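Just below is one structure, and these are the notes that go with it.
Here, each number is a calculation from the coordinates, and none is a lab measurement. Just so we're clear, the structure is a prediction, and the values are computed from it rather than from any experiment. Note that we place each Cβ from the backbone using ideal geometry, even for glycine, and neighbour counts take in every protein chain shown.
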2 protein chains.
Amino acid sequence: MKFTCTKTNLQNAIFTVQKAITGKSSMPILNGILIETNKDKLILTGSDIDLSIETKVEADIFEEGSIVINARLFGEIIRKLPNDNINISTTDGISTEILCQKSKFNIINMNRNDFPELPKINENMIFSIPENILKNMIRETIFAAAQDETRPILTGVLFETKNKNFNLVALDGYRLALKSEKLENDNEINAVIPAKTLNEVSKILEDGENNVDITFTPNHILFNLGNTKIVSRLLEGEFIKYNSIIPEEFTLKVIAKREDLLNCIERASLMAKDSNTNLIKLNIEENNMIITSNSQLGMVKEEVNIILQGQELQIAFNSKYLIDVLKIMEEDEIILNFSSSVSPCVIKNKDENKNNCTYLVLPVRLLNN
Amino acid sequence: MKFTCTKTNLQNAIFTVQKAITGKSSMPILNGILIETNKDKLILTGSDIDLSIETKVEADIFEEGSIVINARLFGEIIRKLPNDNINISTTDGISTEILCQKSKFNIINMNRNDFPELPKINENMIFSIPENILKNMIRETIFAAAQDETRPILTGVLFETKNKNFNLVALDGYRLALKSEKLENDNEINAVIPAKTLNEVSKILEDGENNVDITFTPNHILFNLGNTKIVSRLLEGEFIKYNSIIPEEFTLKVIAKREDLLNCIERASLMAKDSNTNLIKLNIEENNMIITSNSQLGMVKEEVNIILQGQELQIAFNSKYLIDVLKIMEEDEIILNFSSSVSPCVIKNKDENKNNCTYLVLPVRLLNN
C-alpha cells in the first residue's frame, strides 16, 4: 500500500473513527485502525464491535492495500507532524512507513486478518433527517437513559416513528425524556440504540443541515453521513410502553422562567448534597414557588415568581432530576404540570410549536404527606 | 457579626484563600474559612498549616465578630448567588445567615476556637519584587523540583540572593533549573520553599507590575501583596551546592530553533513512550541534529537544522526532561552546551540578557558508549 494525503484530512478522519475505538476491549486488534484502499478511495475504520465507524479520506493512491495499525500511536504521530503532505507506505508487510518533511516513522503493523468483519447492511435507506436536528434530539433525551445495567433496555434510547412523528425516548425509572419531530415517512420503526454508542454518534454529527440517511436492520442501525458511515448494534428486547406513564390531565399548571427556577434549585441543592436523595421541597403558592432544603450543613429557602393555574401544592423532588431537565431545555418560559404530591411532574416548553419535548420527573414521597 | 459585601468582592476573596484549603488535611477545621472583622475591615483566612492565606475584603461592617464556616459550601453558595449585595450575619452563635435578594441560607458554623493561630511574623520587609517577575521565575524553575519525597529538601525551590542577584533554583537529581534576576538589595537570603505551596502562591500572583514584599523568618516566608498575605513554612535542611554541579566549560555548542527542536523531540518521544526511560538518541552533526528512538512499537528518525561549534557527538536523553525545558523556555533561539556523552547538557537562551535562565539535563549512559 502506498498513498499521499494531507495532514488535515488524515487527522480529521482518524479523529472520527477513533470514536469507536474505546481502548477498553479485551481484543487487542480493536485498538487498531483499519486503513484500506478501495479503487481511488482511502477508507479508515475503527470498531469496538458494538459501534463501528468508517470514513473516506481524499488521498492520492499509488498502490492498493490494507493494514491495521495502533490507533492511538498513529493518531498522535499524525497530530504532531507538520501541516503538510504525508506519505504512507508498507513495503515489507511488517511495518508501515510514515514520511513527512524530515520526519520518518516506521511502525509495526497489527495482524490485518484479526480485524473483525463489519456487519453487512443493505442500504435501503429508510429515512433521512438533517444532522443538526438529530444531534439536538439526541442531546435532549440521552441524559435520561439509565446508567446502571439492571434493566439493560433502559440504557438505550428508543427511536420510533408514529403518526408522522419521529420520536426519541429515554427513561430510567425516575424520569423520562421524549422529543418529537414531524417526519414525512410511512415506515414503522421501533428500535433501541445504546446510549453509549449514540453519545459517540452525536459527537460526529455536525451542526449543519446536511441530511443523514438512517437504515435499520433487525440487529443494527446505520447512519450514513456521506463520507462517514456509523453502524451501531441495537439493544434486544422491548422498550417500556412509555405512553401509559405520561399523564394527560393535570390539576395544576405552573408557568415559570426557566433560568430563574434553575438557579434557585441549583442553590437549594447545595444544601441537599450530603444526602443520597438530593431532597428539595417545593411549596407552590399563588404567584410564588418557595424551594427549601435542609441537612446537617444548614438550611436554605429560595423564592421564585410563577404564574399558578390551579390549587396550591407541596411536593418534593430529587433536585438532580429537575436540574438535568432545566439545563437541557433552552426556551425562556416553561410549564410544569402537577396533579398531586405523589404524581409525576410533566415539564414542557410554554410554546410547544417551538420545541416539542416532554419531560417527566417522579416526585419523592415524604413521610408526612 | 454582621456585614454587607458585593458578591464579586466576596467571591474573589474566597477564591484566593481557598488556595490554602486543600481538603486533604486530617483536621476537619482546616476545611473551614475564617471570617473576621478588624475595625472597618473584613478578613478571610484559609490554612493547611504549611500554607496560610489571608485577604482583606471591602465590606460594610455593622457588627464585629469572627466565625469559621465550611469553605467549599460557602464558596459554592456565594458563586451561585445573583450578582448583588450579600448580607451575612450570625445571631445565635450556631449558624450564619446569608441573604441575597430572595435567597436565604443558614449554614452551621464550625468551632472558631479550633482554628489554628497563624505564625506571627514581624514584617521587617527584606525585599520587594514585581509580581509578574516573581510569578515568571517560579514558572521557569518549579517544574524541576523533585516529585518524590526520598530527599525532602529537593521537593522545594531555593530562594537565594548572591552578588546582587536574586536566584530561584530547583533540581531533582536528573535536571536542574536556575533563574536569576538583578536585585538592588544586600540582605543574604537562603531559604527553601516547598514547591507545593509555591505553586499555589504563583496562582495568586498577578501578571501586573505591582510589588510583592517578601519577609523571611527562620521557619517561614511571607509574601505581602497589599490586600493579601501568604505565609508558607520553609523546608528544613540545607540545599544542595548546585553551583558545583553546573559545568562552566564545554567542548561543543549547538545553536537551535527552540520550537523546531521541541517538535522533533516530542514526535520522537512518541516511540519512546512504552519504556520507562523515554530514551531518545541525539546524533549531533555539522548543521544537523538527527534524533532517533525505537521500541517494540517501531522506530523514528527526525532531523533538525542546527549550527554546531565543536566536534560531532552522540548522546542519549530521557526525552521528558528535554521537553519540559524546551516547553518552559520562550525565546526563539537557544544554545545547548555539551562536553561528552556522559556529561550534563546545559541549555540557555541565545541572548542571555533577555532571559537569564540556566537548565541542566543529565544524559542517559548507553551500554555501547
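What list of ³J(HN,Hα) couplings, whole Hz, do you get for segment A:206-216 from phi and the Karplus terms 6.51, -1.76, 1.60, once you set θ to phi - 60° and write x for glycine and proline?
Listing the rounded values in order: 9, 7, x, 9, 4, 7, 10, 8, 10, 10, 10 Hz.
May I ask you to evaluate 6.51 cos²θ - 1.76 cosθ + 1.60, the Karplus curve with θ = phi - 60°, for each residue of segment B:235-244 and list the ³J(HN,Hα) values in order in whole Hz, giving x for glycine and proline?
7, 7, x, 9, 6, 5, 5, 5, 4, 6
Would you be so kind as to identify which of B:317, B:276, B:344 lies farthest towards the positive end of the dipole of chain B, taking Lys and Arg as +1 and Asp and Glu as -1 on Cβ and the Cα centre as origin?
Positive-most Cα among the choices belongs to B:276.
How well do other chains shield peptide A:75-86, expressed as the mean number of their Cβ atoms within 10 Å of each residue Cβ?
Counting Cβ atoms of other protein chains within 10 Å of each residue's Cβ and averaging gives 2.
Taking Cα pairs under 8 Å and at least six residues apart, what relative contact order does chain A come out at, in percent?
Details: 804 pairs, mean separation 45.7, N = 369.
Value for chain A: 12 percent.
Compute the signed sum of charges (Lys and Arg +1, Asp and Glu -1) over the other residues within less than 14 Å, Cβ to Cβ, of residue B:307.
Within the 14 Å Cβ shell, the charges total -2.
Which value in nm describes the separation of the simple spin-label points at residue A:147 and residue A:343, placed 7 Å from the Cα toward the beta carbon?
3.1
In whole Hz and in residue order, list the ³J(HN,Hα) couplings for segment B:350-367 that follow from phi through the Karplus curve 6.51 cos²θ - 1.76 cosθ + 1.60, θ = phi - 60°; x for Gly and Pro.
4, 9, 5, 5, 6, 7, 8, 10, 10, 10, 10, 10, 7, x, 9, 7, 8, 4
In terms of modelled amide H atoms, which long-range or inter-chain residues lie less than 5 Å from the amide H of residue B:189?
Placed amide hydrogens put B:161 under 5 Å from residue B:189.
Normalized C-alpha radius of gyration of segment B:67-202, against 2.2 N^0.38 Å?
Against the compact-globule rule of thumb, the ratio is 1.51.
Show which lysines lie in cross-link reach of residue A:24 when reach means a straight Cα distance below 18 angstrom and same-chain residues fewer than eight apart are skipped.
Hits, sequence-local ones excluded: A:196.
Using only Cα atoms, find the angle between the long axis of helix A:258-272 and the longest principal axis of chain A, and express it within 0 to 90 degrees, rounded to the nearest 10.
90
What does a probe at residue B:24 reach in segment B:135-154, counting residues whose amide N is under 19 Å from the point 7 Å along Cα→Cβ?
Backbone N within reach: B:142-154.
Using 32 Å as the Cα-Cα cut-off, could you pick out the over-long pairs in A:39/B:273; B:179/B:253; A:241/A:301? Please list the in-between numbers first.
Values: A:39/B:273 36 Å; B:179/B:253 21 Å; A:241/A:301 38 Å.
Result: A:39/B:273; A:241/A:301 exceed 32 Å.
Could you calculate the contour length gain from residue B:174 to residue B:353, that is, 0.36 nm times the residue separation minus the distance between their Cα atoms, to one decimal place in nm?
61.8 nm
What are the residues whose amide H is under 5 Å from the amide H of residue B:156, where those residues sit 5 or more places off or on another chain and H is modelled from the backbone?
B:146, B:195
Hey, for residue B:365 with labels 7 Å out along Cα-Cβ, what do the inter-copy distances come to in nm, ordered shortest first?
Nearest first, the other copies' label points are 7.6 nm away.
Which shape class applies to segment B:1-111: rounded if a/c is under 1.5, otherwise prolate when a/b exceeds b/c and oblate if not, where a ≥ b ≥ c are the square roots of the Cα gyration tensor eigenvalues?
Rounded shape, in that the Cα axes give a/c under 1.5.
Tell me, what is the percent relative contact order of segment B:158-314, built from C-alpha pairs under 8 Å that lie six or more residues apart?
It rounds to 14 percent for segment B:158-314.
Sort segment B:84-138 into rounded, prolate or oblate with this rule: let a ≥ b ≥ c be the square roots of the eigenvalues of the Cα gyration tensor; rounded if a/c is under 1.5, and if a/c is not under 1.5, prolate when a/b is larger than b/c, oblate otherwise.
Oblate is the answer for segment B:84-138, as a/c is 1.5 or above yet b/c matches or exceeds a/b.
Ratio to report: Rg/Rh of chain A, with Cα atoms as the point set and Rh obtained by the Kirkwood method; give two decimals.
Radius of gyration relative to Kirkwood radius: 1.08.
Quick one: if the Förster radius is 22 Å, what FRET efficiency do residue A:240 and residue A:219 give, using the C-beta to C-beta distance and rounding to 0.05?
0.60
Return the distance in nm (one decimal) between the two label points of a simple spin-label model at residue B:89 and residue B:41, each offset 7 Å from Cα along Cα→Cβ.
Once both label points are built, they end up 2.6 nm from each other.
For residue A:123 and residue B:295, what is the calculated FRET efficiency with R₀ set at 45 Å and r taken between the beta-carbons, to the nearest 0.05?
0.60
List the residues, sorted by chain then number, that are 5 or more residues from residue A:32 or on another chain and whose placed amide H is less than 5 Å from its amide H.
A:71
Over every pair of different alpha-carbon atoms in the protein assembly as shown, take the mean of 1/r and invert it; report that Kirkwood radius in Å.
31.0
If the label for residue B:305 sits 7 angstrom from Cα along the Cα-to-Cβ line, what are its distances to the same label in every other copy, in nm to one decimal, shortest first?
6.8
What FRET efficiency, computed as 1/(1 + (r/R0)^6) with R0 = 51 Å and r the Cβ-Cβ distance, is obtained for residue B:206 and residue B:309, rounded to the nearest 0.05?
Here the calculated transfer efficiency is 0.80.
Which distances, shortest first and in nm, link residue B:173 to the matching position in the other copies, using label points set 7 Å out along Cα to C-beta?
When each copy's label point is compared with this one, the spacings are 5.2 nm.
Assign unit charges at the C-beta atoms only (+1 for Lys and Arg, -1 for Asp and Glu), then state the dipole size of the protein assembly as shown relative to its Cα centre in Debye, rounded to the nearest 20.
The dipole magnitude comes to about 860 debye.
Excluding residue A:41 itself, calculate the net charge of residues whose Cβ lies under 15 Å from the Cβ of residue A:41, where each Lys or Arg counts +1 and each Asp or Glu counts -1.
Summing Lys and Arg as +1 and Asp and Glu as -1 gives -3.
Expressed as a whole number of Å, what is the distance separating the alpha-carbon centroids of segment A:156-179 and segment A:104-137?
When both Cα centres are located, 25 Å separates them.
Can you give the local net charge around residue A:188? Use residues other than it whose beta-carbon is closer than 11 angstrom to its beta-carbon, Lys and Arg +1, Asp and Glu -1.
Charge balance near residue A:188 sits at -1.
At q = 0.11, 0.12, 0.13, 0.23 Å⁻¹, what log₁₀ I(q)/I(0) does a Debye calculation on the Cα points of segment A:127-244 give, no solvent, two decimals?
Normalising to I(0) and taking log10 leaves -0.32, -0.38, -0.45, -1.53.
Ranking A:3, A:317 by Cβ neighbours within 10 Å, fewest first, what do you get?
A:3, A:317
Please compute the contact order of segment B:252-361 in relative form: average sequence separation of alpha-carbon pairs under 8 Å and at least six residues apart, divided by the residue count, as a percent. Working shown, then result.
Working: 225 pairs, mean separation 32.1, N = 110.
This gives 29 percent for segment B:252-361.
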